[in-house]
Amino acid sequence: MKTLVITGGPCAGKTKVLGLLQEEYADQALFVPEPATMLLSGGFPVPVNEPHALAFETCIFTLHNQMHEVFQMMAAKQGKKLIIRDRGRADCAAYLKGGEKHYESFFGLTLEETYEASDAVLHFESLATGDPEKYEKKYDNGVRRENLEEAIVAEHKTRAVWERHPDWTFITCKGGIPAKMERAREKIEELLQD
């Protein structure tokens, strides 16, 4: 069974594309929601300082691990060929103050070891770097509220965390959601054929 991670900075179209893909591929793939959104929409307070941010990322990392195991079992039981994740464990490194080094020392895994849980990664570019004017109009998704500068930093850190994955594909904002859907479909069809 294959696993595809869809990641990217804030306001990259991940939620929209994943919703559309779920409608198309529900019979072949199992979709895993983003742990950070689950926690924040469930009442976990938005981190306000470094110790709180570390506690938050620890919760996200733990939830990623548990959800990975549970969704693997569910996919096997339901006969699904593919698991599609809204972000992956390595995303935690992008949001930790110490980045990759802090991630590795705190969680005991290198990013390369983390990559083993995913066969492919699609990185959708954030509007913050691809079309900053649009980002300014759309940046509040009701759960996360990065301003433009914070979103640009998050986009670059997320890229840096994932770009060494052996099957990482960066998809720009050009063409909007339709272009991201097209590239996502291509990768899904490729993974389903393997």
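Can you tell which of TYR135, TYR103 is of a type in the set (Phe, Trp, Tyr), part of a helix (DSSP H, G or I) and at pLDDT 95 or above? Lay out the reasoning, then the answer.
Values: TYR135 fails: at pLDDT 95 or above.
Just a single option satisfies the conditions, and that option is TYR103.
What number of residues within the range 2-57 satisfy the criterion of being more than 13 Å from the chain's Cα centre (by Cα), aliphatic (A, V, I, L, M) and under 23 Å from PHE170 (Cα atoms)? Looking only at that region, the number is 4.
For the range 84-98, which residues satisfy the criterion of being in a loop (DSSP other than H, G, I, E, B) and closer than 16 Å to PRO47 by Cα? Step through it out loud before you land on a result.
Here is the first cut: in the range 84-98, the ones in a loop (DSSP other than H, G, I, E, B) are 87-90, 96-98.
Across the range 84-98, the qualifying residues are LEU96, LYS97, GLY98.
Among the residues in the range 138-147, are any at pLDDT 95 or above, under 16 Å from the mean Cα position of the chain (by Cα) and hydrophobic (A, V, I, L, M, F, W, C)? No, the conditions are met nowhere in the range 138-147. Could you please let me know if ALA36 is in contact (Cβ under 8 Å) with a residue 40 or more places away in the chain, open to solvent by less than 20 Å² (accessible area, probe 1.4 Å) and over 21 Å from PHE107 (Cβ atoms)? The answer is no for ALA36. Of the residues making up the range 108-121, those that are buried (at least 19 other Cβ atoms within 10 Å of the Cβ) and in contact with a Ser or Thr (Cβ under 8 Å, 6 or more places away or on another chain) are SER118, ASP119, ALA120, VAL121.
Number of residues in the range 166-192 that are buried (at least 17 other Cβ atoms within 10 Å of the Cβ) and not in a helix (DSSP H, G or I) equals 3.
Please indicate, with yes or no, whether at least one residue in the range 93-101 is free of Cβ contacts under 8 Å to residues at least 40 places away in the same chain, buried (at least 18 other Cβ atoms within 10 Å of the Cβ) and out of contact with any Asp or Glu (no Cβ under 7 Å at 6 or more places or on another chain).
Residues of the range 93-101 free of Cβ contacts under 8 Å to residues at least 40 places away in the same chain: 98, 101.
Okay, now just the ones that are also buried (at least 18 other Cβ atoms within 10 Å of the Cβ), so none.
Looking through the range 93-101, none of the residues is free of Cβ contacts under 8 Å to residues at least 40 places away in the same chain, buried (at least 18 other Cβ atoms within 10 Å of the Cβ) and out of contact with any Asp or Glu (no Cβ under 7 Å at 6 or more places or on another chain).
The sole residue among LYS77, LYS81 that is free of Cβ contacts under 8 Å to residues at least 40 places away in the same chain and open to solvent by 40 Å² or more (accessible area, probe 1.4 Å) is LYS77. Just wondering, is there one or more residues in the range 19-27 that are farther than 22 Å from VAL121 by Cβ, assigned to a loop (DSSP other than H, G, I, E, B) and open to solvent by less than 50 Å² (accessible area, probe 1.4 Å)? Within the range 19-27 (the criterion being farther than 22 Å from VAL121 by Cβ, assigned to a loop (DSSP other than H, G, I, E, B) and open to solvent by less than 50 Å² (accessible area, probe 1.4 Å)), the answer is no, since none of the residues qualifies.
Looking at GLU50, is it in contact with a Cys (Cβ under 9 Å, 6 or more places away or on another chain), among the charged types (D, E, K, R) and over 30 Å from GLU133 (Cβ atoms)? In short, no. Being at pLDDT below 95 and not in a helix (DSSP H, G or I) is the filter here, so list the residues in the range 44-83 that pass it. Residues satisfying the conditions are PHE44, PRO45, VAL46, PRO47, VAL48, ASN49.
The values are calculated or read from the model by the stated rules, or taken from the named source; none is laboratory data. It should be emphasised that the depicted structure is a prediction, and the values quoted were computed from it without experimental measurement. Counting neighbours? That spans all protein chains shown, and the Cβs are built from the backbone with ideal geometry, glycine included. For the accessible areas, the whole protein counts, side chains as well, though only heavy atoms, and no ligand, DNA or RNA atoms are used. Shrake-Rupley method; radii C 1.70, N 1.55, O 1.52, S 1.80 Å.
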